[in-house]
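The values are calculated or read from the model by the stated rules, or taken from the named source; none is laboratory data. Every value quoted in this text rests on a predicted model; they were computed, and no experiment measured them. For neighbour counting, all protein chains shown are included, and Cβ atoms are generated from backbone atoms with ideal geometry for every residue, glycine included. Just so you know, the surface numbers come from the protein's heavy atoms only, side chains and all, with ligands and any DNA or RNA stripped out. Shrake-Rupley method; radii C 1.70, N 1.55, O 1.52, S 1.80 Å.
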Amino acid sequence: MRRIDLRSDTMTRPTAAMRRAMADAEVGDDVFGEDPTVNRLQEIAADRLGKEAALLVTSGTMGNLVSLMAHCGRGAEIILGDQSHTFFFEQGGSAAVGGLHPHTLANQPDGTLPPEKIEAAVRGDNVHFPRTELIVLENTQNLCSGYPLSTDYMRTVGAIARNHGVKVHVDGARLFNAAAALGVEARELAADADSVSICLSKGLAAPVGSLICGPQAFIDSALRMRKLLGGGMRQAGIIAAAGIVALTEMVDRLAEDHANAQKLAQGLANIRGLAIDPEHIKTNIVYFGVNGEKIGNRRLVAELEAGGVRMLPVGPDRVRAVTHYHISSEDIDHCLAVISEVMQSAR
């Protein structure tokens with residue numbers, strides 16, 4: 001049976017070029033700063049994001065937690081979206097491990113936090129309140145259908161942060177998707193951030209790893225936090241070699257994933273019992289509602305899996321599908337045919 005996995009772009013597998021690079025990687029002890037392949041990857045990432053330095057970490061969740069702890073002292077307050085990955089999916093690590101107080105604001109449908117709400121949320125120096133030290137943004141915004149945050153918006157938030165003497169961290173797990181959708185360089189989207197994390201193992205297809213980018217002094221602090229969290233790796237050049245291929249060969253093709261996501265969204269909009277606005281799909285993440293009278297999202301997902309198509313049920317009536325390197329236009333045609341058949345049989 002044909003198998004098509006749309007649960008996440010983390011389902012990507014390393015390319016042949018990555019496997020060769022990993023096999024041939026020159027390695028050293030990265031905890032001593034002596035792995036040449038890791039050092040090269042970090043240099044490439046810093047250059048692509050327009051930052052002074054970078055640090056390899058094992059995952060996006062670690063990258064965000066390390067960044068928050070490097071920026072903030074215990075008891076500090078961070079402003080972030082109530083739909084953000086850092087708040088929603090990272091097990092409350094900022095509070096449980098970092099001792100940080102989350103001040104959540106409602107994400108708008110386009111993933112933004114209203115600038116006036118951000119400004120109003122920044123605490124003044126008052127003995128009753130925690131000190132606001134960091135604003136956290138996510139680009140693209142996963143739970144808001146992968147919506148990209150524009151350069152103008154990033155500048156606006158950056159200006160608010162500077163005016164109040166606080167920092168900005170960007171969870172840029174899919175920052176290159178945002179850049180591709182907006183037709184800009186990733187460094188433009190990171191220019192007003194004090195730090196940014198990027199993920200290698202989603203649309204860029206590396207098997208593991210994320211990077212944090214920022215000023216050298218921040219990266220020095222982040223290195224200490226990485227060690228504290230048990231993230232020091234030894235011959236990590238084997239991982240880094242795939243990451244170099246990801247950053248040099250896989251970024252320019254992301255528009256293909258976006259085109260396939262749009263094709264999927266348009267097809268879903270024509271299937272009775274499903275709800276989606278294709279105009280809201282800008283990158284590779286597709287959320288759609290299930291409002292059929294006889295079928296809910298979990299039954300739909302179960303029947304799709306029986307037909308060889310894997311998607312992810314989210315909440316009571318939503319389903320998520322994410323396009324990636326291993327999903328072709330023909331795969332989308334097949335998925336739509338299977339979904340249409342399942343929905344028709346449930347009438």
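The sole residue among ILE276, ILE281, ILE285 that is open to solvent by less than 40 Å² (accessible area, probe 1.4 Å) and more than 20 Å from the chain's Cα centre (by Cα) is ILE276.
For the range 200-215, enumerate the residues that are out of contact with any Cys (no Cβ under 7 Å at 6 or more places or on another chain), open to solvent by less than 10 Å² (accessible area, probe 1.4 Å) and closer than 14 Å to LEU56 by Cα.
LEU200, ALA206, GLY209, LEU211, ILE212, CYS213, GLY214
Do we have LEU211 as closer than 26 Å to ALA16 by Cα, at pLDDT 95 or above and in contact with a Phe, Trp or Tyr (Cβ under 8 Å, 6 or more places away or on another chain) here? Against the criterion (closer than 26 Å to ALA16 by Cα, at pLDDT 95 or above and in contact with a Phe, Trp or Tyr (Cβ under 8 Å, 6 or more places away or on another chain)), LEU211 does not qualify.
Evaluating GLN344 against the criteria (1) in a helix (DSSP H, G or I); (2) at pLDDT 95 or above; (3) open to solvent by 20 Å² or more (accessible area, probe 1.4 Å) leaves one unmet condition, (2). All conditions in (1) out of contact with any Ser or Thr (no Cβ under 8 Å at 6 or more places or on another chain); (2) buried (at least 19 other Cβ atoms within 10 Å of the Cβ); (3) charged (D, E, K, R) hold for ARG155, with the sole exception of (2). The number of residues in the range 44-77 that are closer than 16 Å to ILE135 by Cβ and either modelled with pLDDT under 95 or among the acidic types (Asp, Glu) (or both) comes to 1.
For the condition open to solvent by less than 20 Å² (accessible area, probe 1.4 Å), within 20 Å of the chain's Cα centre (by Cα) and under 25 Å from GLY243 (Cα atoms), ALA180 does not qualify.
Tallying residues that are within 26 Å of TYR287 (Cα to Cα), in a loop (DSSP other than H, G, I, E, B) and in contact (Cβ under 8 Å) with a residue 40 or more places away in the chain within the range 64-88 yields 2.
A quick yes/no check of all residues on (1) open to solvent by less than 60 Å² (accessible area, probe 1.4 Å); (2) touching a Leu at 6+ places or on another chain (Cβ under 9 Å); (3) not in a helix (DSSP H, G or I):
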| position | (1), (2), (3) |
| --- | --- |
| ALA222 | yes, yes, no |
| ARG226 | yes, yes, no |
| GLY230 | no, no, yes |
| LEU247 | yes, yes, no |
| GLN262 | yes, no, no |
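To keep it simple, each residue is scored yes or no on (1) of a type in the set (A, V, I, L, M, F, W, C); (2) out of contact with any Asp or Glu (no Cβ under 6 Å at 6 or more places or on another chain).
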| residue | (1), (2) |
| --- | --- |
| PRO215 | no, no |
| PHE218 | yes, yes |
| ARG226 | no, yes |
| GLU249 | no, yes |
| GLU256 | no, yes |
| GLY273 | no, yes |
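Assessment of the range 217-234 against the conditions (closer than 30 Å to THR283 by Cα and among the acidic types (Asp, Glu)) yields no matching residue.
Against the list (1) farther than 30 Å from VAL157 by Cα; (2) touching a residue at least 12 places away in the same chain (Cβ under 8 Å); (3) open to solvent by 30 Å² or more (accessible area, probe 1.4 Å); (4) not hydroxyl-bearing (Ser, Thr, Tyr), the condition VAL38 fails is (3).
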